[in-house]
1. Report whether or not R621 is touching a residue at least 24 places away in the same chain (Cβ under 8 Å), within 26 Å of D553 (Cβ to Cβ) and open to solvent by 20 Å² or more (accessible area, probe 1.4 Å).
2. Checking the condition surrounded by fewer than 23 Cβ atoms within 10 Å (Cβ to Cβ), touching a Leu at 6+ places or on another chain (Cβ under 8 Å) and in contact (Cβ under 8 Å) with a residue 24 or more places away in the chain, which residue from R591, R570 passes?
3. Just name the residue that is nearest to K751 (Cα to Cα) out of those in region 329-386 that are in contact with a Leu (Cβ under 8 Å, 6 or more places away or on another chain) and acidic (D, E).
4. Cβ-Cβ below 6 Å, separation at least six or inter-chain, first residue in region 631-651 and outside any helix (DSSP H, G or I), second of a type outside the set (A, V, I, L, M) and open to solvent by 30 Å² or more (accessible area, probe 1.4 Å): which pairs?
5. Check whether at least one residue in region 434-451 is of a type in the set (S, T, N, Q), without any contact (Cβ under 8 Å) to a residue 60 or more places away in the chain and surrounded by fewer than 16 Cβ atoms within 10 Å (Cβ to Cβ), and report yes or no.
6. Can you tell me which residue among L371, L384, L377 is open to solvent by less than 60 Å² (accessible area, probe 1.4 Å), in contact with a Lys or Arg (Cβ under 7 Å, 6 or more places away or on another chain) and either of a type in the set (F, W, Y) or closer than 25 Å to H545 by Cα (or both)?
7. Out of curiosity, is M1 at pLDDT 85 or above and in a loop (DSSP other than H, G, I, E, B)?
8. For region 597-608, check the following and say yes or no: at least one residue is at pLDDT below 95, within 27 Å of I638 (Cβ to Cβ), outside any helix (DSSP H, G or I) and touching a Lys or Arg at 6+ places or on another chain (Cβ under 9 Å).
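The values are calculated or read from the model by the stated rules, or taken from the named source; none is laboratory data. Treat the numbers as computed from the prediction; the structure is a model and nothing was measured. In this analysis, Cβ positions are derived from the backbone assuming ideal geometry, glycine residues included, and neighbour counts consider all displayed protein chains. Protein only, heavy atoms only, side chains kept; ligands, DNA and RNA dropped before computing areas. Shrake-Rupley method; radii C 1.70, N 1.55, O 1.52, S 1.80 Å.
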Amino acid sequence: MASVLSIEQDSTVRVLIVDDDTNILQLLTIALMQANYYVLTADSASVALKVLEDNEIDLIISDLMMPEMNGFDLLQAVRSNPETKLIPFILLTARDKDEGIVKGLDLGVDDYLTKPVDMSDLIGRIQAKTRPSNVPLYEALQHYRDSLSYADFLASTEKTLLTTKSGKSQGYLAVVGFYEYADMRGKLGGFFKKIVRSTATLVEFDESADEVIGVDNDKQQVLLLMPEMTKEQVTERLEKLAKRISRNYFVAGNENIHLTPIIGFTTLKNGMSAEAHYQEAEAAFLQSASQLDLIPRPYTPQAEHVQTLEVTKQARKLPGMAFLKRYGQTMFQIAMTFVLGWGVPFFIYMFFDAIGIDLAGTVYIIVVICLLFTAALIWYEGYLALKLDPLPEITVAYPPASMIVPAYLPNEASTIMSTLNACLAVDYPAPLQIILAYNTPKPLPIEDQLAELARIHPNLTILNVQHSTSKAQNVNAALSQVTGEFVAIFDADHQPAPNSFSRAWAWISNGYDIVQGHCLIRNGDISTVSRLVAVEFEAIYAVSHPGRARLHDFGIFGGSNGYWRTELLREIRMQGFMLTEDIDSSIRTIREGYKIKSDPQIISRELAPTIFSALWTQRMRWAQGWYQVSLRHTLPAIISGKLNTRQKFGLFQLLLWREIYPWISMQIIPIVAFWLWSAGTDDLRAVNWLIPIFVVTSLVTMGTGPGQIFYILRVGHPSIIKHTRWIVFYLVAGFFYTEYKNLIGRVAQIKEIMGERKWHTTPRS
């Protein structure tokens, strides 16, 4: 039976002991009472959480192995609560395994003790962690690793290189630094050096016997020499280190400092000096610094040249890639899709017919099944979208929140002021921080207006992300400034509704990790294209997203009007080498078992492309980005042990099926062409167009358009569905528009296979 025991003492240090073994509880209680501590006890993790709600606690001592919630679960709950996350936490365990220690450190444990407990050792550790100071309350900042100086590290590296066998790679040298250093060195002075030196303790947890750790005090970098390791081992080790640093924070006075690790590494090579190895690792380090996505980067010769925005832009504008040539290449790629989708199947049917096999008939049945399967899913998703989940009660007080608005100003200078004014008008009952994270190749007049707006509104931060070339880099850079417990991302043309953050917190406070809202088009009256997109977005955000979330047991973060738990976004990041970095981050989140909620009643209003060329550019990047995501994640998702069967099926549909379907949808043409060719010019009437399966398939697939309109009229936003002419136009143009998007999907795959990967921004107006 759960219970709480409170022992009154004069000490101002209040210790909570959690253990399901009453004998250990009694033993520890007596020892700490004799040491003049105020002691509270709980015989389960759930009771401990209740004690934490009702009492001020200075330190927690918890057993690891407990029923229902173990010590790791309790630690995670403590660290995820803003009211308790700074409390020092000591785990007691009968196990003394490295993987357990590493897991605890990842979750934010301060110390470990194995049973049986040495009481004098325990009391000494309690004193160390409750002594008033300005050092971090966890991450073991009080334990400084005795790391080598820069000079001694290079000397040790030279000795290692002397033992390197000729012609073979025997290990790696890595440089670990922090994005925040430039801003923090003046503010924190010598304390930042302590933070950097303490980072070496995080390296130590995965350290092998022959590794060497050093600290460069001038550049505030941690240096790591890893002999006798493969690239796979080094990459895994450094990825774990990057996540470990990003998950935790340090405390300086009253300020929590989150660090963004930057890691570059290089292979140890025979006959090359230690200094030259360091320079290669630092070149890779600088390349990693341009992305801030927690990915350790190996040295490549190209890393020495990708330093600035100007160089990157010049590299993309190669001589000879003029307008006409670029569009000529696109026309070639379009032609390739018809050759592959129509011509190749037709000649395959001819070949098999010549050897007496009716392959076309078999393929026809398969195509019909695929078309019916896709149509049935569209109808069922719409049906599931008709019922909205009720907004849960908010049982936890509104915490501070943040929003990030990434922007490329030359493209979005005309819209950014109206966006920020809409952001400033959000009605949220707790502090709301707004960060505009922008990049620009040259100074612009709008920057003076932004600075003035920030002067008027102290909760607005204007962050110029130097050398950035992508949304991902802007978002990652802004994360170092985020103070909110959860953070929203809005593209630079989005205008969030006043109640958006309050609704998002209702879901996050009830267990969701990400909430995706409803992106609503606000310029539908501008052109035919914008009207088409306005209705299409209702089909996506009002019907498809909530319907699929209910069907597949996960939602999707679509890149804007999405609300993340801050710590999760700091861990997942966005990766700028993906054309749809937002979708990639979403799928990585789902694969890790996190929960994404789709709420179509959280509104933000955005701008649609107004001409077909702009629409083509936008959708081509989206389609190619989705193809990259599908290649990267389909197989790992299907074999994942963290996903249930529904979720695996959903990711199969979302990733692999979306890439296959544009090719399947065009297969009726070569089949019918083959039938006509087989019948001959004198006997075309031999083709039976009224066979039941053909008629049923045609009716069902053609009925998906009216079906979508039916669902849009039921659950779409009033500002869109009130325009009857828009709806009718979308219905009439639906068949052609669907094939237009299928064509884009096919061409995008050709572009990716040909290595044509370019980031094109969507023009704003």
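1. Working: touching a residue at least 24 places away in the same chain (Cβ under 8 Å): yes; within 26 Å of D553 (Cβ to Cβ): no; open to solvent by 20 Å² or more (accessible area, probe 1.4 Å): yes.
Criteria not met by R621.
2. Working: R570 fails: surrounded by fewer than 23 Cβ atoms within 10 Å (Cβ to Cβ).
R591 is the lone residue from the list that is surrounded by fewer than 23 Cβ atoms within 10 Å (Cβ to Cβ), touching a Leu at 6+ places or on another chain (Cβ under 8 Å) and in contact (Cβ under 8 Å) with a residue 24 or more places away in the chain.
3. E381
4. Going by the 6 Å Cβ cut-off, the qualifying pairs are S640/R591; K642/G593.
5. In the first step, residues of region 434-451 are kept if they are of a type in the set (S, T, N, Q); the result is 439-440, 449.
From the residues that got through so far, the ones that are without any contact (Cβ under 8 Å) to a residue 60 or more places away in the chain too are 440, 449.
Checking which are surrounded by fewer than 16 Cβ atoms within 10 Å (Cβ to Cβ) leaves us with 449.
Yes, the conditions are met somewhere in region 434-451.
6. Values: L371 fails: in contact with a Lys or Arg (Cβ under 7 Å, 6 or more places away or on another chain); L377 fails: in contact with a Lys or Arg (Cβ under 7 Å, 6 or more places away or on another chain).
Being open to solvent by less than 60 Å² (accessible area, probe 1.4 Å), in contact with a Lys or Arg (Cβ under 7 Å, 6 or more places away or on another chain) and either of a type in the set (F, W, Y) or closer than 25 Å to H545 by Cα (or both) holds for just one of L371, L384, L377, which is L384.
7. Numbers: at pLDDT 85 or above: no; in a loop (DSSP other than H, G, I, E, B): yes.
The answer is no for M1.
8. Among the residues of region 597-608, not one is at pLDDT below 95, within 27 Å of I638 (Cβ to Cβ), outside any helix (DSSP H, G or I) and touching a Lys or Arg at 6+ places or on another chain (Cβ under 9 Å), which makes the answer no.
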